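Everything on this sheet refers to the single structure shown next.
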Amino acid sequence: MAAFGYTRAMRQSQLFTKTRKEAPKDEVSKNAELLIRGGFIYKEMAGVYAFLPLGLRVLNKIIEIIREEMNAVGGQELSLTALQEKELWEKTDRWSDEKVDAWFKTKLKNETELGLGFTHEEPLTRLMKEYVSSYRDLPFSAYQFQTKFRNEARAKSGLMRTREFIMKDLYSFSKDKAEHDMVYEKIKQAYINIFNRLGIGGSTYVTFASGGVFSEFSHEFQTLSEAGEDIVYVDEDKRIAVNKEVYTDEVLESLGLNKSNLKERKAVETGNIFTLGTRFSEALGLTYKNEHGETTPVFMGSYGIGPARSMGTIVELYSDEAGIMWPRSVAPFRAHLLTLGEDENIKTLGDEVYKTLEAEGVEVLYDDREARAGEKFADADLIGIPTRVIIGSKTLESKMLEVKDRATGEVEHKTLAHLLQELKNG
RNA sequence: CGGAGUGUAGUACAGCGGUAGUAUACGCGAUUCGGGUUCGUGAGACCCGGGUUCGAUUCCCGGCACUCCGACCA
């Protein structure tokens, strides 16, 4: 990854986190258990997790993939605020606790009520009034990665449902429904690209779900997993699914789906895209002048995905008894270099390989700790870096490196040059 | 928000109406070094408040926290 600010290589002896043998007693979900044991995340309180160095690397890689795909469809990145003004949300009737019970609310010193944003249609719609005035300004879309706060009645399942989480939310602004539909389709495709790149595309289905008050349907991206909270009906051939909440004969018929081809599965809602229409633009007065000089409300859509929930889902999908198996695209490091034993020749060779990998741009975690082989292997299994490179007495004479694939368990012996070539090719 | 359960060392557990033990992690000394070596040694804990009692970590009440089930998730 060429992202700025990344430490390309790191010695594990310098890493302040350490692994745990035992699962935390207050977590049951696989994702939380493994991520905490591996030192990726730290539980601050129920539904609130801090990201530690390894976990942040994974999260940032996921974010970067999403960012690239959003940029590719013309999304313009910005950053809105967490603090939200009561009056703004009253205009769209989304302030009262009866309407939205997920609000965290607070007050200024002078008693003015504020909320911590749980989504950002309102502030962005208002902001755009400053910049949108003509049909020539449309269409476009803007997005952010930002912390959302939701006062969930019940946080659960580790990273799957939290009270504070980073969300990528993109909002599209179009002239009318026809234009919106094209934008929407493009972004839907970008979402498919994202899940493919995250390595969970094969288990992720575009799913018809309730459009809420906004439109007939929204599209959810549901990743099949027992850890999911949602029930969906999947058509594996057509690669689409229907959420239980809209699972009726009428809906199936309108979608051309045959009940006998559908399988009931549990799934994680990893993404959700909505057609908003003019619900917010009308309420807040975001309009433009069309070719005929007529004042027209902007037609909007919103598109969300939670990087941390995706991270949790990846762990749910890719793990075994020993730990995590990160897909290459999001792994905290590309390679995990291990030296075994205290032999100076081994250490020297380890240092040499480490420096070479670093110099060649390979992200590498170097387990240079004074630990026994078994402990290093167990930690490496748990942390789940895709490619393990082992240097020990066995490999010292042969001048070949032992390379083990975390996911397949396959072991090969390679020269450094051969290894480098392989690592640099993905 | 309704129901159930659990709070003891950094972590995971045990235990008792008379101030607590094991494992692991940690410090020190040995030993070992390709799948969490072995031994010695040291340090380290009863969620908070109230009640009962001569005495409460233990029993009772309340609170708080965490987990699970359900509801909710615009």
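Each value in this text was obtained by applying a stated rule to the coordinates, not by laboratory testing. Computed from a prediction, not measured in an experiment: that's the story for all the values here. Counting neighbours? That spans all protein chains shown, and the Cβs are built from the backbone with ideal geometry, glycine included.
The amide H of A:ARG161, built 1.01 Å from its N in the peptide plane, has A:LYS156 as neighbours under 5 Å, considering only residues 5 or more places off or on other chains. Among the GluC sites (Glu not before Pro) in region A:212-321, those placed in a DSSP loop whose Cβ has at most 13 other Cβ atoms within 10 Å are A:GLU216, A:GLU226, A:GLU229, A:GLU236, A:GLU291, A:GLU294, A:GLU321. Rounded to whole numbers, the Karplus 3J(HN,Hα) couplings from phi for region A:236-249 are 5, 6, 7, 6, 10, 9, 10, 6, 3, 5, 10, 7, 10, 4 Hz, using 6.51 cos²θ - 1.76 cosθ + 1.60 with θ = phi - 60°, and x at Gly and Pro. In this label model, A:LYS394 and A:GLU321 are separated by 2.0 nm, measuring between points 7 Å along each Cα→Cβ vector.
A DSSP coil position with no more than 16 other Cβ atoms inside 10 Å describes none of the chymotrypsin sites (Phe, Trp or Tyr not before Pro) in region A:319-397.
Backbone geometry of region A:65-78 corresponds, through the Karplus equation with coefficients 6.51, -1.76 and 1.60 at θ = phi - 60°, to 3J(HN,Hα) couplings of 5, 4, 4, 4, 6, 5, 5, 5, 9, x, x, 10, 7, 9 Hz, x marking Gly and Pro. A straight Cα-to-Cα reach below 18 Å connects A:LYS376 with the lysines A:LYS18, A:LYS21, A:LYS347, A:LYS394, A:LYS404, residues fewer than 8 places away in its own chain not being considered. A Förster distance of 30 Å, applied to the separation of the beta-carbon atoms of A:ASN258 and A:GLU68, puts the FRET efficiency at 0.20. For the pair A:ALA359 and A:GLU375, label points projected 7 Å from Cα toward Cβ lie 3.1 nm apart. Could you work out how far helix A:373-383 tilts from the main Cα principal axis of chain A, as a 0 to 90 degree angle to the nearest 10? The answer is roughly 10 degrees.
DSSP beta bridges fully contained in chain A are about 80 percent antiparallel. Across region A:139-149, rounded Karplus estimates of 3J(HN,Hα) from the backbone phi angles (6.51 cos²θ - 1.76 cosθ + 1.60, θ = phi - 60°) give x, 6, 9, 9, 8, 8, 10, 8, 6, 9, 10 Hz, Gly and Pro being marked x.
The fewest-to-most ranking of A:VAL48, A:VAL232 by surrounding Cβ atoms within 10 Å reads A:VAL48, A:VAL232. Of the residues A:TYR205, A:HIS418, A:TRP89, the one whose Cα sits farthest towards the positive end of the charge dipole of chain A is A:HIS418 (charges of +1 on Lys and Arg Cβ, -1 on Asp and Glu Cβ, taken about the Cα centre). One decimal place: the segment A:GLN14-A:ARG154 gains 46.7 nm when fully extended, by the rule 0.36 nm per residue minus the C-alpha distance.
With charges set only on the Cβ (+1 for Lys and Arg, -1 for Asp and Glu), what does the dipole of chain A come to about its Cα centre, in debye to the nearest 20?
Values: 58 positive and 69 negative charges, 139 e Å.
The calculated dipole for chain A is roughly 660 debye.
Taking amide H atoms as placed 1.01 Å from N in the peptide plane, the amide H of A:TYR205 lies under 5 Å from those of A:GLN222, A:THR223, A:LEU224, each 5 or more residues away in sequence or on another chain.
The residue list A:LEU78, A:SER134, A:PHE51 was ranked by how far each Cα lies along the charge dipole of chain A toward its positive end, using unit charges on Cβ atoms, and A:PHE51 comes out on top. Spin-label model, A:ASP237/A:ASP249: points 7 Å from Cα along the beta carbon direction are separated by 2.2 nm. Between helix A:344-359 and chain A there is an angle of about 30 degrees, using the helix long axis and the longest principal axis of the Cα atoms.
So how tilted is helix A:307-317 from the main axis of chain A? Cα-based, degrees 0 to 90, rounded to 10. In chain A, helix A:307-317 runs at an angle near 50 degrees to the longest axis. In this structure the amide hydrogen of A:LEU401, modeled in the peptide plane, comes within under 5 Å of the amide hydrogens of A:LYS414, A:THR415, A:LEU416, none closer than 5 places in sequence on its chain.
This model, with +1 at the C-beta of Lys and Arg and -1 at the C-beta of Asp and Glu, gives region A:286-392 a dipole about its Cα centre of some 460 debye. Suppose R0 equals 41 Å. What FRET efficiency, 1/(1 + (r/R0)^6) with r the Cβ-Cβ distance, do A:TYR131 and A:TYR6 give to the nearest 0.05? With a Förster radius of 41 Å, E is 0.75. Note on chain A: dipole from Cβ charges, positive end direction compared against A:TYR143, A:LEU257, A:ILE273; the farthest Cα belongs to A:TYR143.
Expected output is a single nm value to one decimal: the length gained when fully extending between A:ASN110 and A:GLN76, i.e. 0.36 nm times separation in residues minus the C-alpha distance. What is it?
Numbers: separation 34, 0.36 × 34 = 12.24 nm, distance 3.57 nm.
Residue separation times 0.36 nm, minus the Cα-Cα distance, leaves 8.7 nm.
Peptides A:71-81, A:116-126, A:382-392, A:36-46, ordered by how many other C-beta atoms sit within 10 Å of their residues on average, highest first, read A:382-392, A:116-126, A:36-46, A:71-81.
Is there a quick way to get the dipole size of region A:109-155? I mean about its Cα centre, with the Cβ of Lys and Arg at +1 and of Asp and Glu at -1; what is the value in debye to the nearest 20? Mind dumping the intermediate values first?
On the way: 7 positive and 7 negative charges, 25 e Å.
Computed about the Cα centre, the dipole is about 120 debye.
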